[in-house]
Amino acid sequence: MRSPAEVTLMREVLREMSNRDFEVLSRFYLREQPPEQVCAEMGLTEVQFQLVKSRAKARLADRVRKKLARNPPSQQ
């Protein structure tokens, strides 16, 4: 189970993402849609899908790191 601070952090970061990045990541990782389905419904080639997904993950990780650097979680 995630702490309230972790949930808040992820919500903030996800709200800051572009719609396209959010849609690709949420369809693939949260809804577990196969890449073929995501590509067909979003009008992406497989190569475009892989690039969008990879770059979106990198941007997500970077934003989380930056937020944590500014506001480190309290130690328990």
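For the reader, a short list of remarks on this structure follows.
- Selection from the range 20-76 of residues that are in contact (Cβ under 8 Å) with a residue 40 or more places away in the chain and surrounded by 14 or more Cβ atoms within 10 Å (Cβ to Cβ): Arg59, Leu60, Arg63, Val64, Lys67
- Whichever residue in the range 1-19 is in a helix (DSSP H, G or I) and open to solvent by less than 40 Å² (accessible area, probe 1.4 Å) and, among such residues, is nearest to Pro72 (Cα to Cα): Leu9
The values are calculated or read from the model by the stated rules, or taken from the named source; none is laboratory data. As the structure is a prediction and not an experimental result, all values here were calculated from the model. Positions of Cβ are generated from backbone atoms using ideal geometry, with glycine treated the same way; all protein chains shown enter the neighbour counts. With ligands, DNA and RNA removed, areas are computed over all heavy atoms of the protein, side chains included. Shrake-Rupley method; radii C 1.70, N 1.55, O 1.52, S 1.80 Å.
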